[in-house]
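Chemist: Encoded as structure tokens, here's the structure I'll be asking about.
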Amino acid sequence: MRLLAQERAVCERYLPGLDRQLAAIPLMELESPGNVSIALYRAAGGAGLLIPEVHGGGGASAVDASRITRALAARSPSLAVATTMHQFSVASLAALAEASDGLEWLLLEGVARDQQLMASGFSEGRTSQSILAPTMKGVWDGKNWRVSGRKQPCSLSRSMDLLTASVLLEHPEQGSRTAVALIPAASGGITVKPFWGSWALTGAESDTVVLDEVEVHPDLIVELESGLHGGLDDLQTLGFVWFELLVTACYLGVAANLVERVLVEERGATHDRVALGVALEGAAMALDGAARNLDDGDGGNDGLARALIVRFTVAETIRSTVAKAVELLGGMAFAGSPEVVYLASASHAIAFHPPSQQSSAEALLGWFSGRPVVIE
């Protein structure tokens, strides 16, 4: 079948054998806690996917990463969501390495060589708090930073090798500033506690990560500068562009699973099936277009606006195609297996990732009027 063929071909090129392995495992098993999907992803070389080949990685483009994410999500939504948190952290670190004389490339080479996975400790998921607000606090002890705080939910919490986190640094002489910390998961003072109570996306390992005065060497701290109106700096902006595109790809892949079932089973009238295929492919092309812009250097403030526009547009397509696909698959499919219900439930989570469409309305309206996008 042509639907998802391109995505699966790209996945096979970068992560040989992974799609076939995932296809052989029942969906609900892949979505359960402690399943093998993350280990399979690691073994296939997924950790280094976005790291340049010269540094031992796969060298995937944003377009290819979007397609791979859709292919993974069509097999296991939890795996796609969990690894998206890793990949946007890697993409940000790679961008930082391009503009820095620091140790970033050595860290990335280690990630690719040892297939290390990064969890994201940024403030996503915390209600009534700016998504730019640091989730951790670092206090200078005269030699290293002592970092404390928590992140919940934190995907990859039980499989992570490294934790990237936003940190408010407090120095007795230099005052406070914001930074990103790269913290080995085996560091003393890190604990993981249960958090995720929903049955949807349980395989993403989205639990609570607690840091209690974790010692972090200064070389693993990257200080950030405030951008427009104290908002995003260039690194944060680029990271958000990557995140918005990849997280959108996750849920488009979930919708594709349901549409694929409709087409394979020839459910509904011809015009209904065609409408689903057209909507899904149109959304995929829009997403690939935004990813291609990112490959061409559109990772700044305008790129963020376009990424948000694509995300919100595709989210509407996901909602309508999922609803129609479930209707066409029929009541027996709905009642006879948890898979259709599960996929429909998981698809709704696209609305829960920051920023929401409602909170972005003023920022995008300002952008249409010629002002920069300011995310809070």
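Chemist: With runs of 4+ DSSP H residues as the only contributors, calculate the mean residue ellipticity of the chain at 222 nm using -39,500 (n - 2.57) per run, divided by the residue total and rounded to the nearest 500. List each step's numbers first, then the result.
Modeler: Numbers: 12 runs with 190 residues, N = 376.
That calculation yields -16500 deg cm²/dmol at 222 nm.
Chemist: How many angstrom separate the Cα center of segment 182-216 from the Cα center of segment 1-66?
Modeler: 24 Å
Chemist: Can you give me the C-alpha center-to-center distance between segment 89-120 and segment 276-339, rounded to a whole angstrom?
Modeler: 29 Å
Chemist: Report the label-to-label distance for V274 and I25 in nanometres (one decimal), using points 7 Å from each Cα along the Cα→Cβ vector.
Modeler: Label at V274, label at I25, 3.9 nm between them.
Chemist: Please report the carbon-and-sulfur percent of the accessible area for segment 29-80; probe 1.4 Å, protein heavy atoms only, DNA, RNA and ligands left out.
Modeler: Heavy-atom surface of segment 29-80 belonging to carbon and sulfur, 1.4 Å probe: 53 percent.
Chemist: Expressed as an acute angle from 0 to 90° and rounded to the nearest 10, what is the orientation of the C-alpha long axis of helix 104-114 relative to the principal long axis of the chain?
Modeler: 50 degrees
Chemist: Distance in nm between label sites at Q358 and Q115, each 7 Å beyond Cα in the beta-carbon direction?
Modeler: 4.3 nm
Chemist: When the dipole is taken about the Cα centre of the chain, and only Lys, Arg (+1) and Asp, Glu (-1) are charged at their Cβ, what size is it in debye, to the nearest 20?
Modeler: Dipole magnitude for the chain comes out near 980 debye.
Chemist: Taking only Cα atoms, what is the 0 to 90° angle, nearest 10, from helix 62-75's long axis to the longest principal axis of the chain?
Modeler: 60 degrees
Chemist: I've got another one for you. Grab the Cα-Cα distance for E265 and R292, subtract it from 0.36 nm times how many residues apart they are, and report the gain in nm with one decimal.
Modeler: 6.4 nm
Chemist: Counting only heavy atoms of protein chains, what accessible area per residue, in Å², does the chain have with a probe of 1.4 Å?
Modeler: Heavy-atom SASA per residue in the chain reads 42 Å².
Chemist: Quick one, can you get me the convex hull of the C-alpha atoms of segment 34-93 expressed as volume per residue in Å³?
Modeler: Spelled out: Cα convex hull of segment 34-93, divided by residues, is 75 Å³.
Chemist: How much solvent-accessible surface does E266 expose, in Å² to the nearest 10, with a 1.4 Å probe and all protein chains in place?
Modeler: E266 exposes around 130 Å² with every protein chain in place.
Chemist: Just tell me the longest site-free run in the chain, where the sites are trypsin sites (Lys or Arg not before Pro) in a DSSP loop having at most 15 other beta-carbon atoms within 10 Å.
Modeler: Numbers: sites that count: R2, K143.
Here the longest segment lacking exposed loop sites spans 144-376.
Chemist: For a test of the definition: using alpha carbon positions, the gyration tensor, and the 1.5 limit on a/c, classify segment 8-143 as rounded, prolate or oblate.
Modeler: Values: a/c = 2.07, a/b = 1.35, b/c = 1.54.
Because a/c hits 1.5 or more and a/b fails to exceed b/c, segment 8-143 counts as oblate.
Chemist: Which of rounded, prolate, oblate describes the chain, given a ≥ b ≥ c as roots of the alpha-carbon gyration tensor eigenvalues and a/c under 1.5 marking rounded, otherwise prolate only if a/b is larger than b/c?
Modeler: prolate
Chemist: So which residue, out of Q152, Q116, Q358, gets the largest mean-square fluctuation from a GNM of the chain using Cα contacts under 10 Å as springs?
Modeler: Q358
Chemist: Compute the relative contact order of the chain as a whole-number percentage, counting only Cα pairs closer than 8 Å that sit 6 or more residues apart in sequence.
Modeler: Reported relative contact order: 17 percent.
Chemist: For segment 181-331, just say rounded, prolate or oblate: build the C-alpha gyration tensor, square-root its eigenvalues into a ≥ b ≥ c, call rounded for a/c under 1.5, and beyond that prolate if a/b exceeds b/c, oblate if not.
Modeler: oblate
Chemist: Measure nothing but the geometry: give the 0 to 90° angle between the long axis through the Cα atoms of 5-14 and the longest principal axis through the Cα atoms of the chain, rounded to 10°.
Modeler: Helix 5-14 sits roughly 40 degrees off the main axis of the chain.
Chemist: Still on this structure: Leaving out ligands, DNA and RNA, and with a 1.4 Å probe, what % of the accessible surface on segment 169-308 is carbon or sulfur?
Modeler: 50 percent
The values are calculated or read from the model by the stated rules, or taken from the named source; none is laboratory data. On a predicted model such as this, the values are computed, not experimentally measured, just so you know. Every residue, glycine as well, gets a Cβ built from its backbone with ideal geometry; the counts of neighbours run over all protein chains shown. Keep in mind that these areas ignore ligands, DNA and RNA; they rest on the heavy atoms of the full protein, side chains included. Shrake-Rupley method; radii C 1.70, N 1.55, O 1.52, S 1.80 Å.
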